[in-house]
Structure formats: structure tokens, C-alpha cells
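Below is one structure, written out as C-alpha cells; the observations come after it.
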Amino acid sequence: MDQLISNLPEEMKHEILECIPAMFPRSSASLRLVSKDVQSWVDQILYSVVVCHHAEHWPPGLNLERFERYAQRVRHILIGFDSTRDASLNEGLLKGLKSCTKIVNLAIWTINGTNKVDYCGHLRPFRLSVPMDILFGSKFVQRGLQGVADHPIFSNVTHLEIYEPEQKWEDWKNLADLPQLTHLSIHEISGEDIAEGAIKECHRLKVIALLSNPTTPFAHGVTCQLDETSYPHVDPRVVSFLWEPTSDWEAHAMGRKDMWVFADELVESRRVNSVADAK
């Protein structure tokens, strides 16, 4: 078997290695021990996705020192905790984030303090999942996101998740100015004002997703489920999902179908059925 693998073309070996982290994320770090050549390949793949959802449990094969060393290889990053035990860990994560330049998918769900744009404002992600008060501070939200379209971090954002649903569309109306925004999700919506405002004013939007946490855990491998009961869909672009955020975020980062893919398929299906009914 070893001889068979060694005789494979280099491109095929690389393709095989690319599949392993997505299929076996817990054991993929052990591939670094195979050889120096394999270690170099695996490092490029392994550190392209960084999920720090628990302070005590770093991804396999990764630690703070390696995160800073391989920052240029990171493409997807989720920081989903506050380290109350070790303030230096928070500082190290933010320092490492500042060293990243090629991130396309950024999620910062909670970390001590606000105004994190100082650490990630240089990035140009396509997917952004960060509460605005964490990113810019509460005053920015209170001022209705004035100038949001002028900030470079939003220049390429196509998929945006917002987290302060108790506010009104008046506080979010400047989202309509984002130049590339086509997908907007709203977490745990308590009223219809934001969704209705987005429907009316964000004309480039292809999908508006209303997300709620499930009351019972999903089956293994399931990251979201359609929830058609939570909101009267007056617009075919609006979809509702029960949704497990971490596993769904990881699904996209690892190249699997996530909530947005299912949402796109549903909206397209509605469009096709609408055209057929009109004939």
C-alpha cells in the first residue's frame, strides 16, 4: 500500500490530502508525522480553517503559537468564546487575527471588549458573522450604522449575519448600501420590522434567512432544518431555519452544504414553481 501511494502523481496525493481534513477533522493533524513533504501540504490545508469555540480545546494540531505562525494560511476562522481564565489567550487570538490577510469567512461571536475592527478591519471577507457592537462598539449601532458601506471590511461581503434583532429597521437601514450584499440572516428575530425593512429596501438580496436555535439537538450531521411556521413568508426570498451555528459554519468551511446552500435551493425552487404557475 505504501508503495502504491508513493507511486501516485504529486497532484493526486495533494487531492487526497485535501479530502482528509474534511472527512476526518479529529485525526487529520496526525498526517503531519508522515513526512516533511506531507507536513508542508497538511499545514496548508489544516490551518486554512480555524475553529476556536472552546478556550480549553484548540483544533487538533493547533495552538496559539502555530496560529500566529500560520496566519497567512487561514481562510476561515471562527472565534466563539471568551477566555475568562487566560486574558493573554484573547490577546493572542486577536494578535493572530491581525496577522491574517487572506480570510474569506470571518466569525467572531464573543470575545472580551468591543471595537475589534482594529484587529480585523484590514480583512475583506465574503462571509461575515460578527455582532456590530463587538466590531465597532455600541455607539456605531446606536447611530444606525452610519457609514457602514464605506468601511473596507464590508467591501466584499455577500453573506452577512446580524445579531441585535430587538432593534428596528431604522437602526439597520444603511445595510441597503452594502455594495455586494446578497444574503442576510437575522438571529432569533423577535419582531418583523427588520425583515420587512430588508425586503423593501435591500433590492440586491437573494435570500433573507430567519434563524432560531433548535429546542432539541439535531441528528448527527444535520446542521439546519426548515422551519416554515415562524414567519409569514410574503416574499419568496425569506426562509426560516432551525439552525446549529457552529456545525453549520464548519460545514461551509469544510466544503459541505450549509444553511445558505439549502436556502438558495429553496428560493430557486420557489422561483421555478412561481414561473410554472404563471404559465
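The values are calculated or read from the model by the stated rules, or taken from the named source; none is laboratory data. Treat the numbers as computed from the prediction; the structure is a model and nothing was measured. Note that we place each Cβ from the backbone using ideal geometry, even for glycine, and neighbour counts take in every protein chain shown.
Yes or no, residue by residue, for (1) crowded, with 16+ Cβ neighbours inside 10 Å; (2) more than 21 Å from residue 70 (Cα to Cα); (3) outside the structural domain of residue 67 (by TED's automatic domain parsing); (4) modelled with pLDDT of 70 or more:
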{"position": "83", "(1), (2), (3), (4)": "yes, yes, no, no"}
{"position": "96", "(1), (2), (3), (4)": "yes, no, no, yes"}
{"position": "101", "(1), (2), (3), (4)": "no, no, no, yes"}
{"position": "121", "(1), (2), (3), (4)": "no, no, no, yes"}
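Kindly list, by first and then second residue, each pair from a residue in segment 259-279 that is in the same structural domain as residue 218 (by TED's automatic domain parsing) to a residue that is part of a helix (DSSP H, G or I) and at pLDDT 85 or above, limited to pairs with Cβ atoms under 9 Å and residues at least 6 apart or on different chains. Close Cβ pairs satisfying both conditions: 259/248; 259/251; 259/252; 260/248; 260/252; 261/251; 261/252.
Looking across segment 147-186, the residues that are part of a loop (DSSP other than H, G, I, E, B) and in contact with a Lys or Arg (Cβ under 9 Å, 6 or more places away or on another chain) come down to 155, 156, 157, 158, 178, 179, 180, 181, 182. Could you grab me the full set of residues in segment 54-81 that are at pLDDT 85 or above and either more than 20 Å from residue 249 (Cβ to Cβ) or outside the structural domain of residue 255 (by TED's automatic domain parsing) (or both)? The answer is 72, and nothing else.
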